[in-house]
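The values are calculated or read from the model by the stated rules, or taken from the named source; none is laboratory data. This is a predicted model, so every value here is computed, not measured. Cβ: placed from backbone, ideal geometry, glycine included. Neighbour counts: every protein chain shown. Ligands, DNA and RNA are excluded from the accessible area calculation, which covers all protein heavy atoms including side chains. Shrake-Rupley method; radii C 1.70, N 1.55, O 1.52, S 1.80 Å.
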Amino acid sequence: MEQTNKTIAIACDHAGFELKEEVKKYLTENQFIVKDYGTNSPDSVDYPDMVHPLGRDINNGTFERGIVICGTGNGVQMTVNKYPNVRCALCWIPEIAALARQHNNANILAMPARFISKDIALEIVKTYLNTDFEGGRHERRVEKINKTL
Ligand code: RB5
């Protein structure tokens, strides 16, 4: 595995809480350290409050990889993608997660808890953590992402 920093940052809202707990269990069982930014109950919260701190810490290099979860995956993804060094990919099948690493060098994985099973989610996480960036022509494309007009 290319992963050198074995700490995975994770954050969710109430819709993602149950799946976040399952992902945490999977990660700790597989020798990862988890930095949990919450939320830590099914009580309703605003997802930016949980995921902004995670986005900041991936952006400033404190952690190399993160996982964010909400009902659709979109709110958390939109929030962390405000940070220039973040490339967060919304993934609902393992094949998308593989391509998000190979082609986009995604450093945060977003998942839609209300639309995928726990088993698929864990397959997505496994694929995301075990797939390397291909570089080459994709390096050039990724470098252009922040070059807004
Ligand atoms: C919460 O109801 C829901 O809006 C949130 O989890 C997420 O899907 C937002 O994008």
Search segment 75-92 for residues being open to solvent by 60 Å² or more (accessible area, probe 1.4 Å) and closer than 17 Å to residue 124 by Cα, and hand back the single one that is nearest to the ligand (Cβ to nearest atom). 92
Would you say residue 55 is more than 10 Å from residue 13 (Cβ to Cβ) and assigned to a helix (DSSP H, G or I)? yes
Among residues of segment 120-148 being aliphatic (A, V, I, L, M) and closer than 24 Å to residue 62 by Cβ, the residue most open to solvent (accessible area, probe 1.4 Å) is 145
If we keep just the residues of segment 94-119 that are of a type in the set (A, V, I, L, M, F, W, C) and open to solvent by 30 Å² or more (accessible area, probe 1.4 Å), which is farthest from the chain's Cα centre (by Cα)? 115
Hey, among 24, 20, which residue is more than 15 Å from the ligand (Cβ to nearest atom), more than 27 Å from residue 139 (Cβ to Cβ) and either touching a Lys or Arg at 6+ places or on another chain (Cβ under 8 Å) or basic (Lys, Arg) (or both)? 24
Please go through (1) more than 14 Å from residue 9 (Cα to Cα); (2) more than 15 Å from the chain's Cα centre (by Cα) for residue 70 and return the number of the only condition it doesn't satisfy. (2)
Select from segment 31-48 the residues that are part of a loop (DSSP other than H, G, I, E, B), touching a helix residue (DSSP H, G or I) at 6+ places or on another chain (Cβ under 8 Å) and either open to solvent by 70 Å² or more (accessible area, probe 1.4 Å) or modelled with pLDDT under 95 (or both) and list them in ascending order. 40, 42, 43, 44
Among the residues of segment 49-74, which ones are open to solvent by 10 Å² or more (accessible area, probe 1.4 Å) and within 10 Å of the ligand (Cβ to nearest atom)? 72, 74
Close pairs from segment 35-47: first without any contact (Cβ under 8 Å) to a residue 40 or more places away in the chain, partner open to solvent by 100 Å² or more (accessible area, probe 1.4 Å), Cβ under 8 Å, at least 6 apart: 42/18
